[in-house]
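The values are calculated or read from the model by the stated rules, or taken from the named source; none is laboratory data. Every value quoted in this text rests on a predicted model; they were computed, and no experiment measured them. For neighbour counting, all protein chains shown are included, and Cβ atoms are generated from backbone atoms with ideal geometry for every residue, glycine included. Side chains are part of the model used for accessible areas, which takes the heavy atoms of the whole protein and leaves out ligands, DNA and RNA. Shrake-Rupley method; radii C 1.70, N 1.55, O 1.52, S 1.80 Å.
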Amino acid sequence: QVQLVESGGGLVQAGGSLRLSCVASGSIVSINVMDWYRQAPGKERELVARITSGGTTNYADSLKGRFTVSRDNAKNTVYLQMNSLKPEDTAVYYCRAVSRLFDYWGQGTQVTVSS
């Protein structure tokens with residue numbers, strides 16, 4: 001079992017920045033991939049960024065250059081740095097951990113970008 005707790009969401013003006021954190025606990029040695037997803041009202045959940053256990057990163061094409069995913073293995077934490085935020089970035093942001101057999105989700109953190 002893996003538990004994930006996100007934090008760092010909030011209300012920010014367009015053009016501002018936020019850094020989200022996702023702290024993992026439990027059977028973290030089994031985790032191969034950590035993802036950030038988001039879900040806006042009335043829309044499907046979408047993949048924002050991914051970081052593998054080896055440090056390889058991938059991003060949604062539309063977010064490249066504004067969002068950066070990173071990890072601190074000593075703190076069992078994955079971060080999502082979000083810059084130049086836009087109102088369309090408003091969503092609940094979720095952390096996901098993927099092991100060989102299972103995936104785990106956090107409870108989500110709300111990000112609201114005002115125009």
**OP:** Go through M34, M82 for me and flag whichever is closer than 20 Å to L11 by Cβ, in contact (Cβ under 8 Å) with a residue 60 or more places away in the chain and surrounded by 12 or more Cβ atoms within 10 Å (Cβ to Cβ).
**Re:** M82
Original post:
Conditions: (1) open to solvent by less than 30 Å² (accessible area, probe 1.4 Å); (2) over 15 Å from the mean Cα position of the chain (by Cα); (3) at pLDDT 95 or above. F67 meets all but one. Number of the miss?
Top reply: (2)
Original post:
So, in the range 1-20, of the ones that are part of a strand (DSSP E or B) and open to solvent by 60 Å² or more (accessible area, probe 1.4 Å), which residue ends up farthest from L63 (Cα to Cα)?
Top reply: Q3
**OP:** Taking S99 as the residue in question, decide whether it is open to solvent by less than 80 Å² (accessible area, probe 1.4 Å), hydroxyl-bearing (S, T, Y) and at pLDDT below 95.
**Re:** yes
Original post:
On the given criteria, is V23 open to solvent by 50 Å² or more (accessible area, probe 1.4 Å), under 17 Å from Y104 (Cβ atoms) and not hydroxyl-bearing (S, T, Y)?
Top reply: yes
Original post:
Does G42 meet the test of being on the phi > 0 side of the Ramachandran plot and open to solvent by 20 Å² or more (accessible area, probe 1.4 Å)?
Top reply: yes
Original post:
If you take the residues in the range 71-115 that are hydroxyl-bearing (S, T, Y) and under 14 Å from A24 (Cα atoms), which one is farthest from the chain's Cα centre (by Cα)?
Top reply: S99
Original post:
Does N73 satisfy being touching a residue at least 60 places away in the same chain (Cβ under 8 Å), exposed (fewer than 14 other Cβ atoms within 10 Å of the Cβ) and not hydroxyl-bearing (S, T, Y)?
Top reply: no
